[in-house]
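Asks: Take this structure first; my questions come after.
Please treat every number below as a calculation from the coordinates, not as lab data. Bear in mind the structure is a predicted one, so any value in this text is a computation, not a measurement. Please note: Cβ atoms are built from the backbone with ideal geometry, for glycine as well, and neighbour counts cover all protein chains shown.
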Amino acid sequence: MMPQIKWQDDGYALNDRRDLPQIRWVLVVTMILNFISMGVKLAAGLATGALSVVADGMDSLFDGLSNVIGLAGLSVAGRPPDSSHPYGYRKFETLATLSIAFLLFLTTFELLQEAWQRLQSHAVPQINWWTGAAMVISIIIQGGTSIYELRAGRRLNSEFLVADALHTRASILISLSVLGGLVLVQLGYPQADPILAAFVALVIGKIGVDVLREIFPVLADQAAVDPQQIADVVENVDGIESFHRVRSRGAAGNAAVDLHVRVAPNKSVQEANAVADEVRRRLLALDGVTDVIVHVEPQRNPPPDAPDLFATIKHTAGELGLTIHEVWAHRLGEDLYIEMHVGVDPLLSLGEAHALVDRLEAAVRQRLPEVKGVHTHIELATTRVQISSPAPQELEARVLQEVQASVAAIPSLSNPHNVRARRDPTAGDRLIISLECSVAPDMPVAQAHQLASQLEEEIIQRLHQAAEVSVHLEPPE
């Protein structure tokens, strides 16, 4: 049996660098101050019937409620990454921020509706000196709250704290406007109260739009890190031939970056992995980057006149229901020639298969006019499940013996295992042999492929019953 490939979970690199307990503490302090400001305003507004003061109190109420939502969101956002959320739970904070915008829009609608009804009823609020005093006290509380929360939000890289602090800052302007409106009411202009209430509602609505604008880049997966900044880092890593597909996403202070880097094809797996590790280490040192995924590829060096040659040939074969096993392109002087192995349905007759392959050759020459000639080798290929039978025990024992002798004849190979032999009816009941053996992990892929081909030829020479041999090379466990 083939060995089962195991998923080795080495943990999750994502690391939220923020101090979540400090963010929670800031929210608790802010929530208490907002509810105090709310209580002062609502008490004064309800006692006097001043709608603009009540509206301002509602604004402070939603400030406090947004802090409650923020605390709930952070309790989830602070969880470490796991198998179900490998990028962490940071977006739950963004969703909590989105709920603030919803509450702001709801408040806007309710206040506009109440202001319209007040304008139609011509009700006159009763204003006294302690109404103004309540507004002044609340303005002082809001000012201190805004400064405290904004500084903490920027220091702790919390989008929620920054958004909430901007809302509180705008609330100060609202309170100042309401205070001015109270003066107008005292001077004999009672309609100033519902008009100012409507103005407060519109400002609250604008704040909701601003909050959406702040979190939209996160929800839309807008680039969180300047691609040029990433390029400046990667270009200075030794061993990088080229790189592409540079992407980033996430919130401020919690950006995830992934990119593809190309290294020289003759590098071993360990060397390529070391280059990727260095790229990852340097990018994680960037401010706000908490997760980096690096995909390593061999550097492509196609002929300058045929960058899409092989892809075109394989696509053409797929349109005709054919498969391509191997393709070679070579030049003789100025002429380009193609050689390839083409898989056809075993149930076709030779005439049918030959006609189909002729169509492939003609289509390749039509799509690639620079190709002077196409040479094909017809092989069997099928998507049907073939019924095979195991080889007799005596034959299996001989296969194992010859495989071990063939591996021993090639010094770079060792430990043949998972040797299987079966009879294939499509090959005239000849043997199909598959096996695995070990090679040094730092061996270049090209050399390993050459050794696999050498081993396959050696086994076929020793076992004339073998129609096909498949060798899988792997590093020792």
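Asks: Starting with the highest mean, order 311-318, 440-447 by the number of other Cβ atoms within 10 Å, averaged over the residues of each peptide. Mind dumping the intermediate values first?
Replies: Details: 311-318: 16.0, 440-447: 12.8.
Top to bottom by mean Cβ count within 10 Å: 311-318, 440-447.
Asks: Calculate the spin-label point distance for Arg462 paired with Ala285, positioning each point 7 Å from the Cα along the beta-carbon direction, and give it in nanometres.
Replies: A separation of 5.2 nm, rounded to one decimal place.
Asks: With label points built 7 Å along Cα→Cβ from the Cα atoms of Ala405 and Leu106, find their separation and express it in nm.
Replies: Spacing of the two 7 Å Cα→Cβ label points: 8.3 nm.
Asks: Let me ask something else. Quickly work out the Ala274-to-Ile293 label distance, labels modelled 7 Å from Cα along the C-beta direction, and quote it in nm with one decimal.
Replies: The answer from the label model is 2.6 nm.
Asks: Just subtract the alpha-carbon distance of Gln393 and Asp226 from 0.36 nm times their residue separation and send over the number in nm, one decimal. Show your work: numbers first, answer last.
Replies: Working: separation 167, 0.36 × 167 = 60.12 nm, distance 6.41 nm.
The Gln393-Asp226 span can extend by a further 53.7 nm.
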